[in-house]
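Derivation of every value follows stated rules applied to the coordinates shown; laboratory data play no part. Please read these numbers as outputs of a predicted model, since none were measured by experiment. No Cβ is skipped: glycine too gets one built from the backbone with ideal geometry, and neighbour counts run over all protein chains shown.
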Amino acid sequence: MALVGQKAPEFEMPAILPSGEMGTVRCRDYRGRWLVFFFYPHDFTFVCPTEITAFSDAWRDFQAEGADIVGVSTDSPHVHRAWIKTDRAHGGLGPLRYPLASDWTHRVSRDYQVYYPDEGAAYRGLFLINPDGVVEYEVVHNLNVGRSVDEVLRVLKALKAGGLCPVNWHPGQALLEPV
């Protein structure tokens, strides 16, 4: 059952904030802004850090579009902190510009329909949630396929364009006119 067009399921999870401190992220705290809400399977793995660091590197581009980012896995916040404190050159993430949340109860990944019980983890689910809290876009990948940060940013811009965007549309290109 797709979540697109529905209110995003509420969440409240412990997280490691960009400051490195433990905090809490809540769905309601992002009302009024777009939210890039993505799930990944596990910390200290191979594909996951490529996505997480790419989103952090593109953080300013998302901020310029009025969007915040939250990453989520089923690992504990203590594991997140250890991974963030490990330098990228040594298999870690280094500092991030957005929170990494811990869905260690698996409730949120179930609510967003990305929980993979055989792994005790989430698939690579990504949701773009509009400022009113409605899911506008969702995509789910299997565990071994990373996402394109550029495509997520392109889709966000297309959603914000407020019209009919053809295939491969980019800002500045014409929108389609209904006939």
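Descriptive notes on the structure:
- Summed side-chain charge close to Ala122 - residues other than Ala122 whose Cβ falls under 14 Å, Lys, Arg +1, Asp, Glu -1: -4
- Across the chain, counting alpha-carbon atoms alone, Rg and Dmax equal 16.0, 56 Å.
- For Ile84, Ile69, order by how many other beta-carbon atoms lie within 10 Å, fewest first: Ile84, Ile69
- Taking every DSSP beta bridge that has both ends in segment 12-161, the antiparallel portion is near 70%.
- Kirkwood-based shape ratio for segment 12-91, expressed as Rg/Rh from alpha carbons: 0.94
- Pairs of Cα atoms farther than 15 Å apart, segment 54-102, %: 47
- Residue-count net charge about Leu156 - beta-carbon cut-off 12 Å; Lys, Arg +1, Asp, Glu -1: -2
- Segment 111-177: Rg to Rh, with Rh as the Kirkwood radius over Cα pairs: 1.06
- Summary value for the chain: 27 percent relative contact order, contacts being C-alpha pairs under 8 angstrom separated by 6+ residues.
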